[in-house]
Amino acid sequence: MSGNKVYFISGGGTGGHIYPAFTIVDKLLRDEDTKKIYFIGNPDNLEFDICKNYSEVDFLPVSVTGMPRKLDLSLIKWGFNLFKAFLKALSYIEKYNPDAVFTTGGYVSAPIVLASMFKEKPYMIHDCDSVPGLVSKLAAPKAKVVSVAFEGAKKVLKSNNIQFNGNPVREAFFTVTKSEARKKLNIADDKLVIFAMGGSQGAKTINNAMINILKTLNETYNAYIILQTGKKKYDDTLSELDKIYPEYKNNPDIFVCPYFDEMVYPLKASDIVIARAGSLSLTEIIQCNLVSILIPYPYAAQDHQRKNAKEMCKKGVSLYLEDSDCSAENLLNTVSQVLSDKDKLNKMKECTISLATTNPADTIVNQLKSIIQ
């Protein structure tokens, strides 16, 4: 990097906030005007692990968690910790003097947003969800640019400069082919591949249902099954799977793992995905032209995952299953609905292809650069 511009990037907690932020990091690292990038996040979260892969990016820690929902002592403690994180963010601005700040929302970005307001540093926010979060709502009025992934978010956020861009995804989603992904994962080109995942945190409901139907899906449809359990749920899932189907270890068509650092490969390799309904996951699913069975997380802020999932169903690219209804039997029946009807499967694939877009990352970076004073 030989330029003269310094950027602060923030976004964390879940993959839906983290990966769009690092997509912008990737673009800025290749920009000739960039001198230095600092990533602000929680050192206990996934963003810290990912940032370790970027030798040119320095990680600046802020210890902040999501706001408690109850009016008790935990809320007072949280407020105190947020104030300390705000002071830390102020010190970072004083020390490194960024030319612009970019955040993807979520509680992790709150300290640097507040500090940017206080120090009158130009900042841009990108809200990844169909229902914008609290930080985005508070930050939008003073942001130089507000970028949104869903048109409906425009109605919720107050801004004089709001742009509908869609969610940025890593360049690999536009360059890696299905064949290359399968070769990377050692999967035959002619296999039906079913990928079940619960987002970066994993999903106990999906894991429990899947371990009970892995064998049936494999034998009935000759399918290759990938189950991403989530790092914290991996050991418990394997323990249960050992009780139900201990022979899975000798089955070359079943792969259980805690997490994929490069999600592009299992998604590109797959035909059907079983997933939560976070906005970034849906963007990546569409870009990979996948038929999906969506099981929204029922406790997502403002119920945005249910709204995301139902919107996907209206567009004809997904089937919907409530978390409370996600038993092994119901999940198996839902998968069978798709696999037993080739016309339905093909029609859903055509719908996903029609929804795929170009990558908005370049547009977002240009907007970010435009706010530099």
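The values are calculated or read from the model by the stated rules, or taken from the named source; none is laboratory data. For clarity, every value in this text was computed on a predicted model and none was experimentally measured. Cβ atoms come from the backbone with ideal geometry, glycine included; neighbour counts cover every protein chain shown.
For the reader, a short list of remarks on this structure follows.
Residue-by-condition table, conditions (1) crowded, with 17+ Cβ neighbours inside 10 Å; (2) polar (S, T, N, Q); (3) touching a residue at least 12 places away in the same chain (Cβ under 8 Å):
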{"position": "V113", "(1), (2), (3)": "yes, no, yes"}
{"position": "H126", "(1), (2), (3)": "yes, no, yes"}
{"position": "D129", "(1), (2), (3)": "yes, no, yes"}
{"position": "F173", "(1), (2), (3)": "yes, no, yes"}
{"position": "T177", "(1), (2), (3)": "no, yes, yes"}
{"position": "K183", "(1), (2), (3)": "no, no, no"}
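- Against the criterion of being surrounded by 15 or more Cβ atoms within 10 Å (Cβ to Cβ), modelled with pLDDT under 95 and not in a strand (DSSP E or B), N167 qualifies.
- Filtered by the rule that a residue be part of a loop (DSSP other than H, G, I, E, B) and at pLDDT below 90, segment 101-155 gives G105, G106, C128, D129, S130, V131, P132, G133, A149, F150.
- Restricting segment 325-373 to residues that are small (G, A, S) and within 30 Å of N4 (Cβ to Cβ) leaves a set whose member that is surrounded by the most Cβ atoms within 10 Å (Cβ to Cβ) is A361.
- Within segment 185-237, being in a helix (DSSP H, G or I), of a type in the set (A, V, I, L, M) and crowded, with 18+ Cβ neighbours inside 10 Å holds for I206, A209, M210, I211, I213, L214, L217.
- Condition met for K70 (basic (K, R) and either at pLDDT 90 or above or part of a helix (DSSP H, G or I) (or both)): no
- Set I206, I244: member being among the hydrophobic types (A, V, I, L, M, F, W, C), more than 22 Å from V169 (Cα to Cα) and modelled with pLDDT of 95 or more: I206
- Within segment 251-295, the set of residues being outside any strand (DSSP E or B) and β-branched (V, I, T) comprises V264, T283, I285, I286, I295.
- Only listed residue being under 15 Å from Y107 (Cβ atoms), touching a residue at least 12 places away in the same chain (Cβ under 8 Å) and under 17 Å from the mean Cα position of the chain (by Cα), chosen from N45, N81: N45
- The residue that is nearest to K310 (Cα to Cα), counting only those in segment 108-152 that are more than 18 Å from the chain's Cα centre (by Cα) and acidic (D, E), is E151.
- Exclusive hit being surrounded by fewer than 16 Cβ atoms within 10 Å (Cβ to Cβ), modelled with pLDDT of 90 or more and touching a Leu at 6+ places or on another chain (Cβ under 8 Å), set C288, C257: C257
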